[in-house]
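So the structure is just underneath, and the comments pick up after that.
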Amino acid sequence: DVKVTQSSRYLVKRTGEKVFLECVQDMDHENMFWYRQDPGLGLRLIYFSYDVKMKEKGDIPEGYSVSREKKERFSLILESASTNQTSMYLCASSLLGTGFGEKLFFGSGTQLSVL
Amino acid sequence: SQQGEEDPQALSIQEGENATMNCSYKTSINNLQWYRQNSGRGLVHLILIRSNEREKHSGRLRVTLDTSKKSSSLLITASRAADTASYFCATKHIDRGSTLGRLYFGRGTQLTVWP
């Protein structure tokens, strides 16, 4: 089974801190994604990556950056955390292309609270 | 955003009843997927239906797709308390982002099944 692992289940940070959220997948997937999920707003895409060192902005990239130095790892960085970034962050991965690769595999999520 | 919209937002039924959730979208799709999320966890892929398919079954799940109405429905038959979760539709469109693997998620339907 594909496993997508997010480094922290719960995280509490202070306003202005630099925050790193890590995600690792073990199935050699090309695509990796970072979503945030807020009540009533569903899942919104922050950034995604379709290859090492390649990244694409999603719908809400402001205040975030990402890093993909290795195929299995995709990091989300909050350069200066703010209270409006308190949210559930979900990482996902998928194969590039059609067929089996079209479905996403999600991690368990990181609930981030910024105080 | 090409976000799908689920309807209803919340659904409450008794065990043994059928649950029907609907999803509408705005622009042409390549495929539509349904995901399930247990409270506070990541999403799990349930079923995928392609734009040239009209109906698909998987166990107690039945998905229909009407591309002329830009809508889909997910039917869960003989529901169980363990089916209690949020259900999301996700669409893959004919655009550059989707070619690279991104999906567009709706806000979800919260299903509660009472024993």
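Tabulated data for the structure shown
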read-out: Rel. contact order, % - alpha carbon contacts under 8 angstrom, at least six apart, chain A; value: 36
read-out: For A:79, A:102, A:22, order by how many other beta-carbon atoms lie within 10 Å, fewest first; value: A:79, A:22, A:102
read-out: Inverse mean reciprocal Cα-Cα distance (Kirkwood Rh) of the protein assembly as shown, Å; value: 18.0
read-out: Cα-Cα over 25 Å, subset of A:3/B:26; A:18/A:103; A:13/A:53; A:13/A:103; A:103/B:56; value: A:3/B:26; A:18/A:103; A:13/A:53; A:13/A:103
read-out: Descending semi-axes in whole angstrom, ellipsoid equivalent of region A:18-115, from the Cα gyration tensor; value: 22, 14, 11
read-out: Taking N as its residue count, the alpha carbon Rg of chain B over 2.2 N^0.38 Å; value: 1.02
read-out: Whole-Å distance, taken between Cα centres, linking region B:47-115 and region A:1-77; value: 24
read-out: Ascending count of other beta-carbon atoms within 10 Å, so fewest first, for B:92, B:70; value: B:70, B:92
read-out: Range of Cα positions in region B:29-79 per principal axis (Å), largest first; value: 35, 24, 15
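Read-outs throughout are calculated quantities, based only on the coordinates presented, and are distinct from any laboratory measurement. Just so you know, these numbers come straight off a predicted model, no measurement behind them. Because the Cβ atoms are built from the backbone with ideal geometry, glycine has one as well, and the counts that use them run over all protein chains shown.
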